[in-house]
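K.L.:
First the structure, then my questions, so here it is.
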């Protein structure tokens with residue numbers, strides 16, 4: 001990987017640490033508004049990223065310096081001189097201007113040297129940190145996809161960025177290069193929110209509610225995790241002899257952890273008397289004796305058992321590892337109860353409290369059934385216990401719900417079993433793995449496999465209204481569309497995706513362009529990051545499943561865990577994945593790491609309305625500047641193309657300072 005390297009002087013680093021900048025106030029602010037005079041700029045020539053000195057008259061401690069219109073970061077200033085970091089501008093002739101308020105000096109002629117960096121061939125990718133500067137010599141038609149990305153995992157982090165282009169000679173905007181993209185497939189243009197009503201409406205509400213529940217769940221028991229791990233993990237509490245497996249018709253007493261607002265998932269519960277309806281090789285299906293009448297039949301329970309044993313369980317164990325067996329029955333308990341129906345929007349759930357012993361002592365939960373339990377909604381056509389829910393809809397939902405929630409059963413159990421963890425996996429990581437499980441199990445149902453570059457027709461299978469099959473994939477595409485800024489068929493959220501994020505919830509953060517429903521759904525977008533990692537690094541680690549088992553069995557979570565397991569810096573991984581979201585199958589000849597081998601994202605995009613597609617800010621190689629704000633884990637996208645004079649492309653803070661440590665600029669040359 002070739003990267004420009006800039007050394008910042010000790011003086012500059014000290015100035016940055018102290019917060020020095022051209023906006024500071026000083027004793028000579030009475031000179032603001034007086035036209036300054038520039039008498040010299042040294043050294044000659046100027047080199048981007050180094051410190052230069054401007055001398056002159058009527059300067060102040062608030063004087064700002066501009067080179068070719070790009071604001072420089074001021075590190076020291078007085079009445080006769082200003083020290084500044086040379087901004088990233090095109091090599092060659094340059095003009096330097098000092099500004100006091102609204103009064104500009106006459107332009108002072110200078111020369112800027114090129115910084116040493118290897119040229120980029122078609123298909124190349126580069127990540128820049130520190131000084132985010134790319135200088136390019138004059139050339140014919142070329143196209144670059146550029147992202148300014150935050151590799152922070154703090155969802156509240158929002159970094160203001162000025163993206164700028166400086167073209168030699170002050171080139172003005174030019175028409176975009178023609179024929180950049182292959183011909184788009186002719187499709188009707190589906191709107192992500194108009195599919196499979198009311199199924200999609202029900203699932204949209206469930207995803208938002210499940211995200212809220214998972215966040216509460218992790219907060220409830222995360223403080224108990226490290227203490228539990230210090231006692232040797234889950235084996236300390238594990239039953240030593242196999243429990244008797246119940247028979248069909250047996251009554252069992254269980255506790256449903258109450259997820260109602262204001263309730264504690266570890267201490268609050270509803271007693272449930274259940275009847276065993278079916279026992280398969282890997283699951284025990286229990287129905288609340290007080291459920292609405294005319295719900296699931298014996299044939300339904302038998303079918304669910306076969307689906308679980310043959311498709312869900314096998315795929316889950318292959319990808320994520322064997323579940324624990326706290327209750328020593330060698331099975332998962334599926335409790336289908338009207339208590340889930342009573343809680344708005346939740347279709348099915350798993351909670352971490354079931355992995356702690358029942359009790360009121362330290363490290364215990366009164367609500368616990370101490371086993372691997374899934375709680376599911378039951379058919380309720382009349383809405384006796386909440387929202388109306390038909391038998392047909394419930395039959396369609398059960399496989400996909402258990403496919404998702406079974407992942408959480410494995411995640412919780414194995415994380416508590418591994419010695420030494422002090423935290424769960426990150427919320428986004430857990431939900432993204434569970435969403436990936438839906439894709440993997442959907443493939444198993446439909447006799448498909450990963451790595452086959454499936455397009456729109458597969459991604460949108462069973463997503464149209466009146467379809468009767470299970471829609472395994474379109475939720476994932478819908479989540480991406482919302483992350484990109486989709487609002488309606490005719491409108492988009494400004495500032496998306498860069499001000500949205502998949503790294504956890506930000507519904508309490510003000511000023512985010514994604515409305516509440518979008519942002520709660522965006523956490524599932526991390527599925528595409530895990531799919532990209534699986535496609536490209538799974539084989540190196542012994543298969544996709546081994547990668548995910550390593551993530552679950554690790555002692556840390558989130559970005560640090562991914563970097564540790566994969567063995568690559570997180571900025572490189574995030575940058576290439578972010579680039580692939582736009583580049584995949586759109587441009588030929590790029591690096592394989594800039595594609596998503598399992599899905600043809602370009603073909604999928606072309607099947608959606610324009611407002612549901614990822615849309616970068618588009619520029620030619622001409623002077624330009626745009627201020628954006630970038631949230632943790634996300635990128636602002638720029639497409640720069642055309643015939644090029646000598647050009648510099650940069651990303652800085654609004655005051656011209658280098659961007660803070662979590663920020664990166666990635667560049668992919670695609671033509």
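K.L.:
Percent relative contact order of the chain, based on C-alpha pairs within less than 8 angstrom and at least six residues apart? Don't skip to the end; give the middle numbers.
P.N.:
Numbers: 1552 pairs, mean separation 160.5, N = 671.
The value is 24 percent.
K.L.:
Using only the Cα atoms of the range 241-414, build the gyration tensor, take square roots of its eigenvalues as a ≥ b ≥ c, and label the shape rounded, prolate or oblate: rounded if a/c is under 1.5, else prolate if a/b is larger than b/c, else oblate.
P.N.:
Rounded, since a/c falls under 1.5.
K.L.:
Still on this structure: Summing -39500 (n - 2.57) over the DSSP H runs of n ≥ 4 in the chain and dividing by its residue number, what mean residue ellipticity at 222 nm do you reach, to the nearest 500 deg cm²/dmol?
P.N.:
The helix contribution divided over the chain gives -8500 deg cm²/dmol.
K.L.:
Starting from the Cα of residue 270, move 7 Å in the Cα-to-Cβ direction to define the label point; list residues of the range 336-350 whose amide nitrogen is under 14 Å from there.
P.N.:
Output list for this probe position: 336-349.
K.L.:
Using a ≥ b ≥ c from the Cα gyration tensor of the range 540-671 (square roots of the eigenvalues), is it rounded, prolate or oblate, where a/c under 1.5 gives rounded and otherwise the larger of a/b and b/c decides, a/b for prolate?
P.N.:
On the way: a/c = 2.12, a/b = 1.37, b/c = 1.54.
Note, shape of the range 540-671 comes out oblate.
K.L.:
In addition: Kindly express, to the nearest 10 degrees and within the range 0 to 90, the angle between helix 427-445's C-alpha long axis and the longest C-alpha principal axis of the chain.
P.N.:
With both axes taken from Cα atoms, the answer is about 60 degrees.
K.L.:
Return one number: the angle in degrees, 0 to 90 and rounded to the nearest 10, between the long axis of the Cα atoms of helix 199-230 and the longest principal axis of the Cα atoms of the chain.
P.N.:
Long axis of 199-230 versus the principal axis of the chain: about 90 degrees.
K.L.:
Now for a different question. Can you give the FRET efficiency for residue 392 and residue 423, using 1/(1 + (r/R0)^6), R0 = 41 Å, r = Cβ-Cβ distance, to the nearest 0.05?
P.N.:
0.50
K.L.:
In addition: How would 332, 346 line up from fewest to most surrounding beta-carbon atoms within 10 angstrom?
P.N.:
In increasing order of surrounding Cβ atoms, one gets 346, 332.
K.L.:
Under a plain spin-label model, where a point goes 7 Å from the Cα along Cα-to-Cβ, how far apart in nm are residue 107 and residue 564?
P.N.:
5.4
K.L.:
Take every DSSP beta bridge with both residues inside the chain and express the antiparallel ones as a percent of the total, to the nearest 5. Provide the component values of the computation, followed by the final result.
P.N.:
Numbers: 84 of 100 bridges.
About 85 percent, rounded to the nearest 5.
K.L.:
Quick check: the angle from helix 298-307's long axis to the longest principal axis of the chain, C-alpha only, nearest 10 degrees?
P.N.:
Result, in degrees: 40.
K.L.:
Related question: May I have the pair-distance distribution P(r) for the range 279-377, computed from all Cα-Cα distances with 5 Å bins from 0 and rounded to whole percent?
P.N.:
3, 12, 18, 23, 21, 15, 7, 2, 0
K.L.:
Return P(r) of the chain (all Cα-Cα pairs; 10 Å bins starting at 0; whole %; ordered from short to long distances).
P.N.:
Histogramming the chain at 10 Å steps yields 3, 15, 23, 21, 16, 11, 7, 3, 1, 0 percent.
K.L.:
Compute the FRET efficiency between residue 467 and residue 245 as 1/(1 + (r/R0)^6), taking r as their Cβ-Cβ distance and R0 = 51 Å, and round to the nearest 0.05.
P.N.:
0.85
K.L.:
Need one number: nm distance between label points at residue 294 and residue 626, each 7 Å from Cα along Cα→Cβ, rounded to one decimal.
P.N.:
5.7
K.L.:
Using the alpha-carbon centroid of each, what span in Å lies between the range 277-349 and the range 473-503?
P.N.:
Here the two parts' Cα centres lie 33 Å apart.
K.L.:
Once label points are set 7 Å from the Cα along Cα→Cβ at both residue 360 and residue 81, what is their separation, rounded to one decimal in nm?
P.N.:
A separation of 7.5 nm, rounded to one decimal place.
Throughout, read-outs are computed from the coordinates displayed, never taken from laboratory work. Fair warning: this is a prediction, and the values are worked out from it, not measured in the lab. A quick note on method: Cβ atoms are made from the backbone with ideal geometry, for glycine too, and the neighbour counts reach across all protein chains shown.
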